[in-house]
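What follows is a single structure, written as structure tokens, with notes after it.
The values are calculated or read from the model by the stated rules, or taken from the named source; none is laboratory data. No experiment lies behind these values; they were computed from the predicted model shown. Note: ideal-geometry Cβ built from the backbone for every residue, glycine included; neighbour counts use all protein chains shown. What goes into the accessible areas is simple: the full protein's heavy atoms, side chains included, and nothing from ligands, DNA or RNA. Shrake-Rupley method; radii C 1.70, N 1.55, O 1.52, S 1.80 Å.
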2 protein chains.
Amino acid sequence: MNATANQKLDANLIAMERAALDRWSKGDTFGFLEISAPDVLYFDPYLDRRIDRDELNRHYEALRGKVANKGYEMIDPRVQKIGDAAVLTYNYVAHQENGDTGMNVTEVYRKNGDRWQIIHTHLAFTKPGNS
Amino acid sequence: MNATANQKLDANLIAMERAALDRWSKGDTFGFLEISAPDVLYFDPYLDRRIDRDELNRHYEALRGKVANKGYEMIDPRVQKIGDAAVLTYNYVAHQENGDTGMNVTEVYRKNGDRWQIIHTHLAFTKPGNS
């Protein structure tokens, strides 16, 4: 893959992620479910362990309508590509009524035909002791 | 890759990770540096953003001798393989003088010739509000 194709892929994955984040900002948690694979494995700081797709469906159904924010920033997104895998990492800041929340975000995407899907999500508070 | 080869790879990556964790338990943070790639990107809950290899070298140099524990558990490790990439995830519990610390761990490994190296690490407290 040449440099131009790589830049196009980076932009493509970042656009997919932003589209799901835009829906998240409106309380719609299903944008991420729609681009996640059946074998996705998931971490976030509200859970006491890693969960799988069935548990993620229930988790995001329960959060539907409860996660809205007044806007967000995706800070310094980077894509590391390895064949049909791509690791997108960034720092996320959500602007909320009671202040900002910062998250460290990892999304591992896998190419399936022409389509990229998330096979792993890891969300965590950025330096939670100081937030 | 057939099922037996996949199982062998899983066991191999988990053994690499355990070897680095064993050194970590003794305060030796360099085990992870030795199996990390020059282009590694890294998150942990003590940092206010993602860092790169040079910053990770300094971070782990500063932590050398300060991270010892009395043993640890690697809970339910899973490997997701995509060509020359492999995503290892698990829940980690370190037994320390003042109690246990739980972490969500993501390691993305990339194959480089016959060698696997970490290109992304994401460490986060498991449900920090409740720990």
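A few points about this structure:
- Members of segment B:1-42 that are of a type in the set (D, E, K, R) and farther than 18 Å from B:LEU63 by Cα: B:LYS8, B:ASP10, B:GLU17, B:ARG18, B:ASP39
- Any hit, segment B:88-102, residues being touching a residue at least 40 places away in the same chain (Cβ under 8 Å), more than 22 Å from B:LYS127 (Cβ to Cβ) and surrounded by 13 or more Cβ atoms within 10 Å (Cβ to Cβ): no
Residues are listed down the side, and each one gets a yes or a no for (1) within 15 Å of the chain's Cα centre (by Cα); (2) not β-branched (Val, Ile, Thr):
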residue	(1), (2)
A:LEU47	no, yes
A:LEU56	yes, yes
A:VAL67	yes, no
A:MET74	yes, yes
A:GLY83	no, yes
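- Candidate set from segment A:39-56 (those that are away from chain B (no Cβ under 12 Å) and closer than 29 Å to A:ALA11 by Cβ); member that is surrounded by the fewest Cβ atoms within 10 Å (Cβ to Cβ): A:ARG53
- Scanning segment B:76-87 for residues that are in contact with a Gly (Cβ under 9 Å, 6 or more places away or on another chain) and either open to solvent by 40 Å² or more (accessible area, probe 1.4 Å) or more than 7 Å from every other protein chain (Cβ to nearest Cβ) (or both) gives B:GLY83, B:ASP84.
- Within segment B:93-115, the set of residues being closer than 17 Å to B:TYR42 by Cα and more than 7 Å from every other protein chain (Cβ to nearest Cβ) comprises B:MET103, B:VAL105, B:GLU107, B:TYR109.
Conditions tested, residue by residue: (1) touching a helix residue (DSSP H, G or I) at 6+ places or on another chain (Cβ under 8 Å); (2) at pLDDT below 95; (3) farther than 14 Å from B:ALA20 by Cβ.
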residue	(1), (2), (3)
B:ARG58	no, no, yes
B:ALA86	yes, no, yes
B:ASN98	no, yes, yes
B:GLU107	yes, no, no
B:LYS111	no, no, yes
B:ASP114	no, yes, yes
B:ILE118	yes, no, no
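- Of the residues making up segment B:59-75, those that are open to solvent by 60 Å² or more (accessible area, probe 1.4 Å), closer than 27 Å to B:ARG115 by Cα and touching a strand residue (DSSP E or B) at 6+ places or on another chain (Cβ under 9 Å) are B:GLU73, B:ILE75.
- Some residue of segment A:78-85 being outside any loop (DSSP other than H, G, I, E, B), more than 20 Å from B:ALA86 (Cβ to Cβ) and in contact with a Ser or Thr (Cβ under 8 Å, 6 or more places away or on another chain): no
- Test: B:ALA15 is open to solvent by 10 Å² or more (accessible area, probe 1.4 Å) and either in contact with a Leu (Cβ under 6 Å, 6 or more places away or on another chain) or not polar (S, T, N, Q) (or both): yes
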